[in-house]
Amino acid sequence: MLAAIPYFELGVYNLAVPGFGNLPIDPWATLVCIGFVLGLEVARYRAIQLGLQVKDIVDGAVVIVLSGFFVAHVFTVVFYFPERMLDADGVFSLYAAFDAIILKIWQGFASTGGFVGAILGAMVFYNWVRPVGAWRHADIICYGFPFGWFFGRLGCGVVHDHIGKETTFPLAMDFDRGFGPWAAGDPYVSGLRHELGLYEMAYMVPVCLLFWWLGRQDRKPGFFLGLFAVTYAPIRFVLDFLRNADLGHQDARYLGLTPAQYGMVAMLIAGAVLLWRLRSVEFELVPLGTRSQPAEPEGGG
């Protein structure tokens, strides 16, 4: 069966800058940055529509993203590559752990850890650094998140960070045959395989449309946080069963499940509980386009 997606891969592009030399442009990092800007703009526009201070959304989003990336890397080292924290004799070493977690922070990011880091960043920023209504502001940032996640997962897809099992699924990627300069396929991976980054990217399209549809009116603070959890977690849980178990870079598994799958179970439960609790929370919704908004209700959902 021919793959609907012929093999392709975007490599690092070296942009010649006069007087400087080559400026490497990484496709994954570029698409992640595009996603951050787009998601932030969507959240910023919603904040304006609800009469919130834009600076509170922008500053909070920066802290949330930085916290998310840091904890995402910590999760990668601790749960996916714990051997990086061992010395040459295979014994845990504080120096090796510091080197792996801090000095080599660019080496791997686990999305599940990123979600945990984002929550921690939002709690710290909106409860202590700038206490302006944690649930309200975090929910608005989450409203823009799927729009940014689309480009983030596109970045994973074009560099093939998440190659899955061999399959006959017609929307998989054919790593033996490509087009243009990739006509010979990937020299390191063979077969028709699931490309999980592109799968998640495609799934974000209906999620974005759902958020946009439901976002045409104000919602109780926490609504979009819960909604993203219950729409994303089940799909991600299932997709992780499609990850490869035969290539050199495999995801760690504990009792047959990846760390992300355990995280998705917790995420789904937390999202469902949040949405359930919001049903009994009193909150005066405001029309979009207002210049002011009522105070956040006690507890916030």
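Structure above, values below:
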{"quantity": "Scan of segment 37-77 for residues that are buried (at least 16 other Cβ atoms within 10 Å of the Cβ), touching a Lys or Arg at 6+ places or on another chain (Cβ under 7 Å) and not in a helix (DSSP H, G or I), ordered by number", "calculated": "none"}
{"quantity": "Selection status of Trp182, among the aromatic types (Phe, Trp, Tyr) and surrounded by fewer than 14 Cβ atoms within 10 Å (Cβ to Cβ)", "calculated": "no"}
{"quantity": "Some residue of segment 112-125 being in a helix (DSSP H, G or I) and at positive phi", "calculated": "no"}
{"quantity": "Selection within segment 1-36 - surrounded by fewer than 16 Cβ atoms within 10 Å (Cβ to Cβ) and under 14 Å from the mean Cα position of the chain (by Cα)", "calculated": "Ala29, Cys33"}
{"quantity": "Residue match in segment 94-102 (condition: modelled with pLDDT under 90, surrounded by 13 or more Cβ atoms within 10 Å (Cβ to Cβ), charged (D, E, K, R) and more than 29 Å from Ala134 (Cα to Cα))", "calculated": "yes"}
{"quantity": "Inter-residue pairs, beta-carbon under 9 Å, first farther than 18 Å from Pro259 by Cβ and in segment 82-104, second among the polar types (S, T, N, Q), 6+ apart", "calculated": "Leu86/Ser93; Asp87/Ser93; Asp99/Ser93"}
{"quantity": "Qualifying positions in segment 170-200 - over 14 Å from Ala4 (Cβ atoms) and among the aliphatic types (A, V, I, L, M)", "calculated": "Ala183, Ala184, Val189, Leu196"}
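Quick grid of which residues meet (1) touching a helix residue (DSSP H, G or I) at 6+ places or on another chain (Cβ under 9 Å); (2) among the hydrophobic types (A, V, I, L, M, F, W, C); (3) touching a residue at least 12 places away in the same chain (Cβ under 8 Å):
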| residue | (1), (2), (3) |
| --- | --- |
| His160 | yes, no, yes |
| Glu166 | no, no, yes |
| Asp174 | no, no, yes |
| Val189 | no, yes, yes |
| Leu210 | yes, yes, yes |
| Pro221 | yes, no, yes |
| Gly226 | yes, no, yes |
| Ala233 | yes, yes, yes |
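The values are calculated or read from the model by the stated rules, or taken from the named source; none is laboratory data. Given the structure is predicted, the values throughout are model-derived calculations rather than measurements. Positions of Cβ are backbone-derived with ideal geometry, glycine not excepted, and every protein chain shown enters the neighbour counts.
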